[in-house]
Amino acid sequence: MDSGKKLFLGGRLRRLRRDLGHSQAQMATELRISASYLNLLERNQRPVTTQVLLRLVEAYDIDLKSLTLDGQDGGSNLEEVLADRLFADLSISRHEIAESAEAAPGVTDAFVRLYRAYLERGRLIDLGAFDRDRRAPRATIEPTEWVRDLVGAQRNHFPELEQYAESILAALAVEPQDLAAAAQQRLQAAHGTRCRVMPIEVMGGLLRRYDHHRRRLMLSETLAPAGRVFGMCYQLALLEHGADVKALADRFAPPDATSLRLLKVFLTNYIAAALMMPYAKFLAAMEASAYDIERVRPRFGVSFEQAAHRLTSLGRQGARGIPFFMVRIDAAGNISKRYAAETFPFSRFGGTCPRWNVHDCFRTPGRILTQIIETPDGQRYFTVSRTVRRVSGLLASQDDELVVGLGCDLRYASKLRYARGFDLAAPLVVEIGPSCRICERPACPQRAAAPISKNLIIEEASKSLAPFPFGR
């Protein structure tokens, strides 16, 4: 940090405190400062000193860079919203957007949520999705987005869930490769639940079903072995810690019943993944192999996607893994999963940039592709991508082919096996952008729309490489 430059982090301190669920008095005690001084820091009436920064790192085991960059996601979200033509006449600058997101992160989140509800309302109106009184749409907040935002605020790490998983593993007392038999035996012995692999003619479109009356867990034969084990771990977590999961979900105060149910499913899934990939053993194996996923995943009996997802959740204080981000996309570029242990500017209202080679994986199924990308803010990331398959239909021929993209800040790339052979000191970088309507990268041949902040230039006598040429 430049000692001659004052550092004001009021909005980011408030966001950190809110994510931790702390009061000002509680955080002030942990930082060994007065509550009144913390109040001044949060209101940007005092700069954050080096001593306070060091105490923040010590108390919460956070990355200093992530703290000083925290809020970028809020600013990029707000920028993407304000790129709507609805606001075109306001000419709001990037500097003004960044200042607003920094000064009032809570208001920024509320505005983004309101915009999302506005889009959803329009979609429902187009579909004619009204209640019987023909006045109000049935829903205004998308539950999946609410849960994604919550998980993002927690950096995809839930210490309580890790503890629940470890308590089950302590009772099982087995190595990861023996988990399937042990989980099946515990379901039978402790909960009277039998596991059966059923034909698709019986399961129909279901991959997993629990019969409460007969106490029978039915798993579709179309599931891969890793999927079957995950199904058993999910049911075991639900039976042994269902009440704890509900209490944790209630603590986050979901806005509606659907969001509550979806959050409970996510939290239970988290425990299942932690059962299959125990925190300490999984992290140790990844570090020892230089994060070689294909080498490590057979040891734990998991898929590439399961391992990639787990890598984004290794945020335990004092034992952090590399802070990865992960996306899962379909052939059209739609994002169906996004998780990040550290800030990454995901597109919220569109797909991923076509310049990112995550899309090229569809042409090379099963092959791992690597790339170094740079976002408009100058941040560089090393990425690893490959196709995955997930059975979602009645027949194996109806498998969905998706792509999982995994990445981390370039400063961690030297720890990755996949980065060997790259010149990390002077790397070849591919510049990518967010949604085309807010990306100002010039002469992009894959641009789908001109940026809202620029004027489209149409020349009758010439044609440029970029399909949507624009000026200043």
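The values are calculated or read from the model by the stated rules, or taken from the named source; none is laboratory data. All values reported here derive from a predicted model rather than from experimental measurement. Counting neighbours? That spans all protein chains shown, and the Cβs are built from the backbone with ideal geometry, glycine included.
Quick one: would you say VAL81 is at pLDDT 70 or above, more than 26 Å from the chain's Cα centre (by Cα) and surrounded by 15 or more Cβ atoms within 10 Å (Cβ to Cβ)? No, not satisfied.
Any chance the stretch 400-411 includes a residue that's part of a loop (DSSP other than H, G, I, E, B) and modelled with pLDDT under 90? No - not one qualifying residue is present in the stretch 400-411. Within the stretch 368-387, the set of residues being touching a residue at least 60 places away in the same chain (Cβ under 8 Å) and more than 19 Å from the chain's Cα centre (by Cα) comprises ILE368, PRO376, ASP377.
Each residue in the stretch 43-58 was checked for being closer than 27 Å to LEU150 by Cβ and either buried (at least 19 other Cβ atoms within 10 Å of the Cβ) or out of contact with any helix residue (DSSP H, G or I) (no Cβ under 8 Å at 6 or more places or on another chain) (or both), and 3 pass.
Listed by position, the strands (runs of 3 or more DSSP E) enclosed by the stretch 158-271 that each have at least 1 residues that are touching a helix residue (DSSP H, G or I) at 6+ places or on another chain (Cβ under 8 Å) and surrounded by fewer than 19 Cβ atoms within 10 Å (Cβ to Cβ) are 194-198, 208-211. Can you tell me which residue among ARG320, ARG310 is among the charged types (D, E, K, R), surrounded by 19 or more Cβ atoms within 10 Å (Cβ to Cβ) and within 18 Å of GLU160 (Cα to Cα)? On inspection, the qualifying residue turns out to be ARG310.
With respect to the conditions (1) out of contact with any Lys or Arg (no Cβ under 7 Å at 6 or more places or on another chain); (2) modelled with pLDDT of 95 or more, ASP377 lacks only one, and its number is (2).
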